[in-house]
There are 2 protein chains.
Amino acid sequence: MAQKPSIPKGTRDFSPVEMVKRNYIFDTIKKVFQLYGFMPIETPSMENLSTLMGKYGEEGDKLLFKVLNSGDFLSKIDETQLRERNSIKLTTKISEKGLRYDLTVPFARYVVQHRNEINFPFKRYQIQPVWRADRPQKGRYREFYQCDVDVIGSNSLLNEVELIQIVDEVYKRLQLNVIIKLNNRKILAGIAEVIGEADKIIDITVAIDKLDKIGLDNVNKELVDKGIAQEAIDTLQPIILLSGTNQDKLAKLKELLASSEIGRKGIEELEIVFNYLNHLNVNTEVELDLTLARGLNYYTGAIFEVKSKDMEFGSITGGGRYDDLTGIFGLKDVSGVGISFGADRIYDVLEQMNKFPEETEATTKVLFINFGEKEESFCLPILAKLRANGINAEIFPASQKMKKQMTYANNKNIPYVILVGESELEEGMLSLKDMETGEQEKLSPEQLVEKLT
Amino acid sequence: MAQKPSIPKGTRDFSPVEMVKRNYIFDTIKKVFQLYGFMPIETPSMENLSTLMGKYGEEGDKLLFKVLNSGDFLSKIDETQLRERNSIKLTTKISEKGLRYDLTVPFARYVVQHRNEINFPFKRYQIQPVWRADRPQKGRYREFYQCDVDVIGSNSLLNEVELIQIVDEVYKRLQLNVIIKLNNRKILAGIAEVIGEADKIIDITVAIDKLDKIGLDNVNKELVDKGIAQEAIDTLQPIILLSGTNQDKLAKLKELLASSEIGRKGIEELEIVFNYLNHLNVNTEVELDLTLARGLNYYTGAIFEVKSKDMEFGSITGGGRYDDLTGIFGLKDVSGVGISFGADRIYDVLEQMNKFPEETEATTKVLFINFGEKEESFCLPILAKLRANGINAEIFPASQKMKKQMTYANNKNIPYVILVGESELEEGMLSLKDMETGEQEKLSPEQLVEKLT
């Protein structure tokens, strides 16, 4: 009756080797978050469906994993409802909880629910899995981690600057070359305004966003298709093709958006951010990119995106400022700004660039080969001493064949093994073997501790 | 249209203060696991219901949270099935995934599924949430973390010893006084055998287990009720009332169980474990307790339980050896031994004993009070220098009222604030205020870094 075991499609097991690498990413990110004064929170995996539904659009509602009510859920369904055979309608009767789809909506819910206990400005980070009933495909999973960091309750642009510093520091520590793209929703609004199409801001931005992929002619065609006036499209050309340094672009934008109040405000915000960055020691290149428009429906100020410079890969970090995240739960006028690190993509980049560190403090440094009772007796107190000195160490739990024990050490990437045979026992010494070079040396217990510490 | 936000009953939000405390527990446990050569794995939150169902008894099946299939799940239900109005039967048609109920079954599934990649003996730990549709009550949640550590693929008793050492080390680091209770399923089997009731082992153990709570008379009454012969109950009396040191108890058991092979085997196992413990430096008291019977249905050798000595509290850690965990998934004869730390209970004990450390490296050490543009400009590079030296530091993001900024520091338990006003600016110095003593000193940037490092 044995079952062939498997896991749901789109989900993953993480082996020890993968976990060590993932934890390297999470620990690096957390350490930097903490350096900047951010503190962790966690929210439940299940939220009430009333909290989640309607927040991610119609498509998002479908992609929510819904949890069946416990007990005799059918007892509350009347005959008519049952006969209707409408899965969507029935769902609302038999399910009232769902798995969280992202960390943003639960965070907004958290802020509103706990607003009287929260110390504003609230600098929080949150690293937890989210679930989406997406069609699984390469690089897209039904369960994956998000790493979000936000400041809420402060509209100071210093927060934008610190998020950029965090990105700079995280990728410096991960040894990845990245570029930070920066834009501002107010500038996009200004552009739409000066070309006389203020209400078409989303269509315009979506089209401009495709410049790299489809080229200028096709962007212009799309603008025509969306019903943008030819005159407006003409006015837009110098903006789409804006180039040069950030200063050049800002200077040009100042001319072009002179008549738009919101546009001028966006330029001013960007200038303040760039001034801070010049003043501080940010090494990562920060590029003003007007085609950047991600999450436009709720960003209201800065928009960020980070890309690897070494590899063609989508965005590995992104975010922006939102002025009304908590409004959906009844708390108005709380401005926030945040970014999210894409752990799975960062993992893939590090893996392909071979940038994971070889040494880690999370794995075993030394294995005692087990030669039998007498030798074990001699080794165990020394093993305890190594551990007392903070050295990850283990002994093979039984005196099995030497080859089996060495294979165990090899498979687990343990850099050293300790051999204690007859002669070592007599001398009270231990032989330490370097698994990479094959070199072996005899050491006293004290020398061993010193050597491995 | 604002919703009043709430979370599903039995679930929890964790605030930054709670998270720091929880992470202190998890980090302490993980560090010790790693010292002993254990490596982390993670499994998906959702498992196929075929993996989970039938593993936790009928009651357990009801307590599984089931996830509704995506899409038009009703389209696969025929008229008869619908009319039957049987929630349990319908569930199997509209749901094929469930949230994991514990870490043991997913681990068994993992071992079988990945048996060709695993390096045996497999020393793994796993710290992840589990979900149970239990009726929520004080101290019982529908989502909670388990911390499991197991060695699988080795029947060496050294593994039992190392788990006891891990318990000893974890609670030493957490500064809690605990007692480790130890028993062995083979001894219980031997007892049932010598009193002539081998098939009633579970009834007998369940009754003995209640000795502390209901007293000897009631235990004996329960044994009668279960149909145990009076003669057997009489033979059992000296065993139930066994007292003295572990040596005393073992000596007595040797006499009483002399005729039972499995009983003698159990005694031998315990003696080996106690010999190891005497040889090593285990400070925690380890007590042989014959009334200990937890998880009897699948433990086959050692049984562990850890209790706080300072507080009346249930078990805070427990486990044992199981010889056929993976059999349910078709892999026979793989012996394992493991324990599980109850993070929520450990949290409650630490909280009530006031044993959480005051200082932590996870929180902000110093806040720069923001007095305005000029002062901020002076402070920002110094702030960057502190962070470069690994000091968690922040600046209030805007120059708001002094009182508001000080309150922020207070609420966040930040031990130091830095004040830079006119006079400090002129001198190029910073005033460092100790928030606990109220003392204040003027320091150069270099002195500041040195002081806080």
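Read-outs: derived from the displayed coordinates by stated rules, not from any lab. The shown structure was predicted, so the numbers you read here are calculated from the model rather than taken from an experiment. When we count neighbours, we look across all protein chains shown, and the Cβ atoms used for this are built from the backbone with ideal geometry, even at glycine.
Laid out as a table, the results:
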quantity: Degrees between helix A:402-411 axis and first principal axis of chain A (Cα, 0 to 90, nearest 10); calculated: 20
quantity: Anisotropy class of region A:152-214 from Cα gyration tensor, a/c 1.5 cut; calculated: oblate
quantity: Computed E for A:Lys172/A:Asp333 - FRET, C-beta separation, R0 30 angstrom, nearest 0.05; calculated: 0.25
quantity: Trypsin sites (Lys or Arg not before Pro) restricted to region A:24-99 and DSSP loop, no more than 15 other C-beta within 10 Å; calculated: A:Arg85
quantity: Helix axis angle, B:246-256 relative to chain B longest principal axis, alpha carbon, degrees; calculated: 20
quantity: Other-copy label distances relative to B:Glu255, 7 angstrom Cα-Cβ extension, nm; calculated: 10.6
quantity: Sites B:Asp212 and B:Lys252, calculated FRET efficiency, Cβ-Cβ separation with R0 22 Å, nearest 0.05; calculated: 0.65
quantity: Distance between modelled label sites at B:Ile77 and B:Asp348, nm, 7 Å Cα→Cβ extension; calculated: 3.8
quantity: Quarter of the Cα convex hull surface for the protein assembly as shown, i.e. its orientation-mean projected area (nm²); calculated: 45.0
quantity: Distance (nanometres) between label positions extended 7 Å along Cα→Cβ at A:Glu426 and A:Val449; calculated: 2.7
quantity: Candidate aspartates and glutamates for bridging to B:Lys252, where Cα separation is under 14 Å - those fewer than 8 sequence places away on the same chain excluded; calculated: B:Glu268, B:Glu271, B:Asp289
quantity: Paramagnetic label zone (point 7 Å from Cα along Cα-to-C-beta, A:Asn283; backbone N under 13 Å) in region A:165-186; calculated: A:168-178
quantity: B:Asn410-A:Glu373 pseudo-label distance in nm [points 7 Å out on the Cα-to-Cβ vector]; calculated: 6.8
quantity: Partner chain coverage, peptide A:387-398 - average Cβ within 10 angstrom; calculated: 5
quantity: Cα gyration tensor category, rounded, prolate or oblate, for region B:1-152 with a/c compared to 1.5; calculated: oblate
quantity: Label spacing, shortest first and in nm, from A:Glu446 to its equivalents in the remaining copies (7 angstrom along Cα→Cβ); calculated: 3.9
quantity: Relative contact order (%) - criterion: Cα under 8 Å, at least six apart; region: chain B; calculated: 14
quantity: CD proxy at 222 nm, helix term only [per DSSP H run n ≥ 4: -39500 (n - 2.57); per residue of chain A; nearest 500]; calculated: -13000 deg cm²/dmol
quantity: Region B:349-434: GluC sites (Glu not before Pro) in DSSP loop, at most 15 other beta carbons within 10 Å; calculated: B:Glu358, B:Glu359, B:Glu361
quantity: Region A:363-452 shape via C-alpha gyration tensor axes, a/c threshold 1.5; calculated: rounded
quantity: Label spacing, shortest first and in nm, from A:Asp434 to its equivalents in the remaining copies (7 angstrom along Cα→Cβ); calculated: 4.8
quantity: Trypsin sites (Lys or Arg not before Pro) restricted to region B:303-396 and DSSP loop, no more than 16 other C-beta within 10 Å; calculated: B:Lys309, B:Lys332, B:Lys355
quantity: HN-Hα J in Hz across region A:39-48 - Karplus 6.51, -1.76, 1.60, θ = phi - 60°, x for Gly and Pro; calculated: 10, x, 10, 9, 10, x, 5, 9, 10, 4
quantity: Rounded FRET efficiency, nearest 0.05, which uses the C-beta distance separating A:Met402 from B:Ala229 and R0 of 56 Å; calculated: 0.55
quantity: Rg ratio (alpha-carbon, reference 2.2 N^0.38 Å) - chain A; calculated: 1.27
quantity: Entries in B:Lys401/B:Lys433; B:Lys55/B:Lys97; B:Lys21/B:Lys451; A:Lys62/B:Lys97; A:Lys21/B:Lys412; B:Lys254/B:Lys332 that, when Cα-Cα distance is taken, lie over 21 Å; calculated: B:Lys21/B:Lys451; A:Lys21/B:Lys412; B:Lys254/B:Lys332
